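Novice: Please find one structure pasted underneath; my questions will follow.
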Amino acid sequence: MERDLAILALKVAIVVRSPPKDCIHHTDHGNQYCAHDYQKILRQHGFKVSMSGKGNCYDCEYGIAA
């Protein structure tokens, strides 16, 4: 997945869903999710960023059930 497509999807989701501040955004360590532009949008909208450990997609630092 390309970075631009991930950013577009994130922007659409923010507009459509209006997530609350401190909403948890959990992803793997894909390049598109680690990109500076993507992370900047998350910070601007008050997301808590959570990334899984390498090889463990269910690993979430906030302890939510998968």
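Readers should treat all values here as calculations from the given coordinates under stated rules, not as data from a laboratory. Quick caveat, the model's predicted, so the values are computed rather than measured. Here the Cβ is made from the backbone with ideal geometry for all residues, glycine too, and neighbour counts use every protein chain on show.
Novice: Could you list which residues have their amide H under 5 Å from that of ILE24, counting only those 5 or more apart in sequence or on another chain, with H placed in the peptide plane?
Specialist: Close amide H contacts, sequence-distant or interchain: LYS48.
Novice: Which shape class, rounded, prolate or oblate, goes with the stretch 3-51 when its Cα gyration tensor gives a ≥ b ≥ c as root eigenvalues, a/c under 1.5 marks rounded, and past that a/b bigger than b/c marks prolate?
Specialist: Note, shape of the stretch 3-51 comes out oblate.
Novice: Using a 10 Å cut-off on Cβ atoms, rank the peptides 8-14, 46-52 from the highest mean neighbour count down. Spell out each step's value before the answer.
Specialist: Values: 8-14: 13.1, 46-52: 15.3.
Result, highest mean Cβ count within 10 Å first: 46-52, 8-14.
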